[in-house]
Structures are given as structure tokens and as C-alpha cells.
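Each remark here refers to the structure printed beneath this line.
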Amino acid sequence: MKKKDLTKKCKDIRIKLLKTLNKAGSGHTAGPLGMTEVFTFLYNDFLKINPKKPKDPKRDYLILSNGHICPIQYVVMSDKGFFPEKELYTLRKLNSRLQGHPHREALPGLETTSGPLGSGLSQACGIALGLKRDNKKNKVVCLTSDGEHEEGNTWEAILFAAKYDLNNLIQIIDRNNIQIDGYTEDIMPLNSLSEKYKSFNWNVIEIDGNNIKQIEKALINADKKKTKPTVIIANTVPGKGVSFMENKYEWHGKVPNDEELKKALEELK
Amino acid sequence: MKKDSTRAGFGRGLAKLGEKNKNVYALTADLGGSTNLTSFKKEFPERFVQVGVAEQNLVTVASGLAHIGKIPFATTFAVFSPGRTWEQIRTTICYNNQPVKICSTHSGLGVGEDGATHQMLEDLALMRSLPNMTVIQPCDGLEAEKAVEKIANHEKPVYFRLNRQKTSLLTNKKSSFEIGKANILKKGEHITLIGIGPVLVESLEAAKELEEEGLSVEVINMHTLKPLDKKTILKSINKTDLVITVEDHQVTGGLGSSVAEFLSQVKPTPMKMLGVEDTFGESGSFEELYDKYGLSKDKIKKSIKKFVEEA
Ligand SMILES: Cc1ncc(C[n+]2csc(CCOP(=O)(O)OP(=O)(O)O)c2C)c(N)n1
Ligand SMILES: [Mg+2]
């Protein structure tokens, strides 16, 4: 898709996202807004995924580890034709396929259940290892968050991916510097993830995660790597696009009320 | 009517205790707001510990603190601890016999909209099976507040199961709370209902309506699941000869199992267990979920009637 069209699409996606969250009445806003460009690009221009054949053995695998940002995945999936737009407004309601945290068996197109943090990268490693040993060409993309890098399970996976030289694995980290109780560097300093990954023997690419051109370039480069797993550290702005939400950890786990929604939509127009 | 949550009561109790007992520590894994540590953190920053999103570290650091005489309250959501931390609790807290207090909010279907990943329905089973562990779930905010000091003074590992949702009060300032001593919320003659946690609100309302219909239900608040108050159970069963248990937990391994293990060996009694039956929860409001999974007042009432008719 042309850059101009993608930029326009991101704006539409953000609008639908905020309306969806408002209707749900609870959930997470900052992370999903910050990851809008990454999801939109992945689904429209990178991953081989067919909404009509979500179990196609030739598909690429997208593992969302930080499940709480699923609303952005839901909105982009519905935009791609996985399910009708009006179903977005059932998010978090009784009997909905759009569970508060993504559930593999609830909605075709979701590869795994997540919400409890830190176990996505290991699952992606298992998928990548099996595919590699079978000489399959499917790509494995795993989305994680910076907060998840406080979990031991994440570091176990990082060691593993390097040991098995998982060059078919691309991890994208939402490096937005926030978590629930505050800023990551106050809660548990992560410092330079780039330095850490280099010393753990990964290919490292660091980008502005809200810049579509940089996302594209990073993914093309990652895809070309012949050895080692690759991590793309996507520096994003949590709450991106809505001035009163940007860079505020308070927007990690709340959703806009009617008045806030109106203000936000005016800014996005 | 005033509503309160057990996690809020816990937060109040801990902040009060922090003033009185300088050995009390509060720890969290990036959920200090949700587990109601905000006041404690503000008043006693030197005894507050933030470990980040790292539950295994949370409980093992707590074990170390207990080893040098501190009384650590390690808080997060139940699904993360004891969900993710079971072996660390088993070895470094229970086998070591360190008096760490595992305080976990967001248990059960009561979590609501976050969905099944966050609705911990297996924790009573996990914790009850561990030697040295005491297991407590208060029925309302007041009881939770009162329990905090008792738990701190109880020189044993404790699992304190808490809830997110606000519910009506069942106890008052004067109600007693003793670890291992069940409280009778309503006297009755025909059937014994044993419940744990805020789902007792639904149970008690069901019992009151049944009373008007001529069925007299005795309602017992079994806030301490382990050690089980066998005396109170036997006394009630000797009168009623029928027992029904209610819990916001899998029926496997929790309160119902615990009562059945006991009664089947000393006084086999016809029994019905209400709870979640070998399935995961889902998103929805907690009221909707309680109704769908048979734990609302109306559903409990129906189950009691059916059980009594068939018994
Ligand atoms: C194992 C686990 N522990 C705790 C939580 C509660 N939790 C949900 S989101 C979150 C913050 C994590 O930070 P991050 O993923 O960076 O959040 P964001 O950037 O989206 O605000 C926490 C602690 C969880 N989901 N899983
Ligand atoms: Mg973050």
C-alpha cells in the first residue's frame, strides 16, 4: 500500500479504536494507540495472512505476547476482513468473540491466548524452531512490550532464540517507556535494550515505531538476515495521536469516556 | 447500601498495620494501585518494594525478607501469583516455613471484563495442597481489613485471596474474625450452606428468600479454608444432614472438595457443590458471569431447592 494511504488508514484505525474502547467501557488505550502503525503495516504490507483462510499452513505467524493491547489487533483485523466492523462494539461484553484479552479459540486469526505477560516470545521460539527444522519458509513475528522485559520468561526465550539461531524469528518490542504503576525506568530500569540484545547475540534494529517508512525498512532488513534472530526495538509514543494521552502512563489501563472521546476525535480529524 | 471490595479493605488494614508494626513490608509486581498499596507506599516508602512485572522474584524476595524477621505482604493478581509462582512458594516459603503473606486480588469470575486469562479459579486448590500454608478468603471489605493484623501475627505462610468487585457488607465492626473459626451468618434447620468470599452475599440473599418460602438454610462463612473449621461444620450437619457449598472457584480442589474430603470420612452427608465446573470463564460484567455460571442469588436459590427436593 502507498505510504500516503497507509497514513490515512492509521488515522481511521485510531478513530475506530477509540470508539471501540469507549463502548467497551474498560480496557487499555495507551499501548494500542502507540502500536497503530506497526499493526497496520504488518497486516497490510508484510505478513502473508488470508482472512478467508486463517489456518493456512503457508501463513506467517503473528504472536501477540502483550495481550492487553489486543484492541488494536482487533480493529486492524476487522479492517482486513476477518470479521464485521460492528462486532468491534461487542469487545469485553458477555458472549463476545472479542475477549478482554485475546483468546485463541474465540476468534479465527488469533494464534495464541495472551494477557499474562512474558510467555509470548517462548511460544514464538517454539513455532520458529519447528518451522526451521522442517525447512519451512513461514515468517514468525512476535510482538512484545518493554514491561514484559521484567519477566524472567522473556529472558529465557532470548537465550533460547540465540542458541537455536532462529533467523526466521522477528521480535518487535513496543518500547514506550510506560507500564501500569509508572514509567519503566522508575518501576524497574531496563536501560538500553539494544545493548542487552546485542550481548545476547541478536540482530538489533532500533526505529521510531510510529514512522511507517522506518517500520518498512526495518522489516525488510530483518527479513534478509541469514543468521541470528532479529529484534526491532520500536520506540513508540504511548497514547500517540491524542495530546492528552501521549506519554502518560495513567492511560495504560483506562478508556476514554464520552467527553474524552469527543475531544480525542476532534484532534484526529 | 454501602459497597466495598475486599482488596480495598486489605489496603486499609495494611496501611494501619504499617504504623503499628515496623516489620511489615509491602511488595508488588507493577500492580500496586490495583492491589491497594497506594496509602502504604505513601506512608512507609522505606518498607515498600516494587519488583516490576516479575512475580517469581516477588515471592522469592519476600521469602528472603521473612528470613531476617520482616513480615512481607507480597501482592499481585491471583492468576500471576500463585498462578505463576507456585513452585517458588512451595519451596522457598512453605517448605522453608517462612511467614510470607501471599495477598492476591482479582480472584474468580468476579474480575469481570478482563476475561478468563485474568479470572483465577484454581488458586484455592493450588494453595490448599501445600503443607504449612494457611488459606483465607474474606467475605467483605471489613472482614478483609480486620484479617490483615491477624494474618501478620500468624507466624506461618498465608494465602490471602481477595476480590476486585465491590459487594455489600455481610459483617460489621463488632463481628469477630479468628483464623480457623468459621462464622455463622444465618441460623437454619433444614440445610447447611457453606460459602467462601463475597459470593456469600448472593448465598445469604438466596437463603433469606428461601426462609420466607419455608426452607430454613443455615449459612456459614468459611473464611478460613485451611485449617478447616470441622467443629462448626459437624455441629451444623448434625442438625441439617444436608450440605451445599458455594465458591467463586473451580468445584475441583476448593471449598467443596475440602468439605467433602472431611465429611466423607467422618460423616458421609448428601452434598451439592456450586462453583465453576471444569471450564474457563470469559469477559462480561461480574453480575452477568455469576448468573451464567450459577452463582447469582437466583441460580443459587434454584440449586438449593432442586437439591433439597431430590435429596
Ligand atoms: C505476568 C503478568 N503480570 C502482571 C500483569 C499485569 N499487567 C498488565 S499490563 C502491565 C504493564 C506492563 O507493561 P507494558 O506491557 O509495557 O504496558 P504498556 O506499555 O502497554 O502500558 C502489567 C503489569 C500481567 N498482565 N501479566
Ligand atoms: Mg510499555
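The values are calculated or read from the model by the stated rules, or taken from the named source; none is laboratory data. Predicted, not measured: the structure shown is a model, and the values here were computed from it. We place every Cβ from the backbone using ideal geometry, glycine too, and count neighbours over all the protein chains shown.
Residue-by-condition table, conditions (1) under 16 Å from B:PHE10 (Cα atoms); (2) small (Gly, Ala, Ser); (3) within 17 Å of the chain's Cα centre (by Cα); (4) part of a helix (DSSP H, G or I):
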site: B:LEU142; (1), (2), (3), (4): yes, no, yes, yes
site: B:VAL148; (1), (2), (3), (4): yes, no, yes, yes
site: B:ARG164; (1), (2), (3), (4): yes, no, yes, no
site: B:LEU185; (1), (2), (3), (4): no, no, yes, no
site: B:GLY197; (1), (2), (3), (4): yes, yes, yes, no
site: B:GLU202; (1), (2), (3), (4): no, no, yes, yes
site: B:ALA206; (1), (2), (3), (4): no, yes, no, yes
site: B:LEU215; (1), (2), (3), (4): no, no, no, no
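The set of residues from the stretch A:185-207 being within 18 Å of the chain's Cα centre (by Cα) and within 16 Å of ligand 1 (Cβ to nearest atom) comprises just one member, A:LEU193. Any chance the stretch A:111-121 includes a residue that's among the small types (Gly, Ala, Ser), away from ligand 2 (no atom under 16 Å from the Cβ) and without any contact (Cβ under 8 Å) to a residue 40 or more places away in the chain? Checking the stretch A:111-121: not a single residue is among the small types (Gly, Ala, Ser), away from ligand 2 (no atom under 16 Å from the Cβ) and without any contact (Cβ under 8 Å) to a residue 40 or more places away in the chain.
Here A:VAL231 passes the criteria (1) within 16 Å of ligand 1 (Cβ to nearest atom); (2) within 16 Å of the chain's Cα centre (by Cα); (3) under 22 Å from A:HIS28 (Cβ atoms) except the one numbered (3).
Taking B:VAL100, is it within 13 Å of another protein chain (Cβ to nearest Cβ), buried (at least 22 other Cβ atoms within 10 Å of the Cβ), over 28 Å from B:GLU282 (Cβ atoms) and in contact with a Leu (Cβ under 9 Å, 6 or more places away or on another chain)? Against the criterion (within 13 Å of another protein chain (Cβ to nearest Cβ), buried (at least 22 other Cβ atoms within 10 Å of the Cβ), over 28 Å from B:GLU282 (Cβ atoms) and in contact with a Leu (Cβ under 9 Å, 6 or more places away or on another chain)), B:VAL100 does not qualify.
Taking the listed residues A:LEU110, A:LEU94, the one that is outside any helix (DSSP H, G or I), surrounded by 24 or more Cβ atoms within 10 Å (Cβ to Cβ) and away from ligand 1 (no atom under 15 Å from the Cβ) is A:LEU110, with no other qualifying. When the stretch B:16-45 is filtered for residues that are more than 24 Å from the chain's Cα centre (by Cα), closer than 21 Å to A:ILE180 by Cα and more than 14 Å from chain A (Cβ to nearest Cβ), the ones remaining, listed by number, are B:GLU43, B:PHE44.
For the stretch A:158-169, the candidate set comprises residues that are over 18 Å from the mean Cα position of the chain (by Cα) and buried (at least 24 other Cβ atoms within 10 Å of the Cβ); within that set, the residue that is farthest from ligand 2 (Cβ to nearest atom) is A:LEU166.
Counting only residues that are within 27 Å of B:ASN153 (Cβ to Cβ) and surrounded by fewer than 17 Cβ atoms within 10 Å (Cβ to Cβ), the stretch B:181-220 holds 2 of them. Whether a residue is away from chain B (no Cβ under 11 Å), away from ligand 1 (no atom under 12 Å from the Cβ) and modelled with pLDDT of 95 or more was assessed, and A:ASN135 passes this test. Residues of the stretch B:250-303 that are under 20 Å from B:MET222 (Cα atoms) and part of a loop (DSSP other than H, G, I, E, B): B:VAL251, B:THR252, B:GLY253, B:GLY254, B:LYS267, B:PRO268, B:THR269, B:PRO270, B:GLY294, B:LEU295, B:SER296. Just to verify a result, which residue in the stretch A:106-132, among those that are more than 15 Å from the chain's Cα centre (by Cα), closer than 18 Å to A:VAL75 by Cα and not small (Gly, Ala, Ser), is farthest from the other protein chains (Cβ to nearest Cβ)? Within the stretch A:106-132, the match that is farthest from the other protein chains (Cβ to nearest Cβ) is A:PRO108. In the stretch A:19-35, the qualifying residues are those that are of a type in the set (A, V, I, L, M, F, W, C) and within 14 Å of chain B (Cβ to nearest Cβ), and the one that is farthest from ligand 2 (Cβ to nearest atom) is A:ALA24.
Checked across the stretch A:170-177, the condition of being in contact with a Lys or Arg (Cβ under 8 Å, 6 or more places away or on another chain), among the β-branched types (Val, Ile, Thr) and either within 15 Å of ligand 2 (Cβ to nearest atom) or away from chain B (no Cβ under 12 Å) (or both) holds for at least one residue. Candidates in the stretch B:119-137 are the residues that are surrounded by fewer than 23 Cβ atoms within 10 Å (Cβ to Cβ) and assigned to a helix (DSSP H, G or I); of these, the one that is farthest from the other protein chains (Cβ to nearest Cβ) is B:ARG128.
Residues in the stretch B:67-94 that are more than 14 Å from chain A (Cβ to nearest Cβ), out of contact with any Lys or Arg (no Cβ under 9 Å at 6 or more places or on another chain) and small (Gly, Ala, Ser): 1 in all. Checking the stretch B:44-52 against the condition returns a match, with at least one residue being within 16 Å of ligand 1 (Cβ to nearest atom) and aliphatic (A, V, I, L, M). Scan the stretch A:6-63 for residues that are within 16 Å of ligand 1 (Cβ to nearest atom), β-branched (Val, Ile, Thr) and in a helix (DSSP H, G or I) and the total you get is 2.
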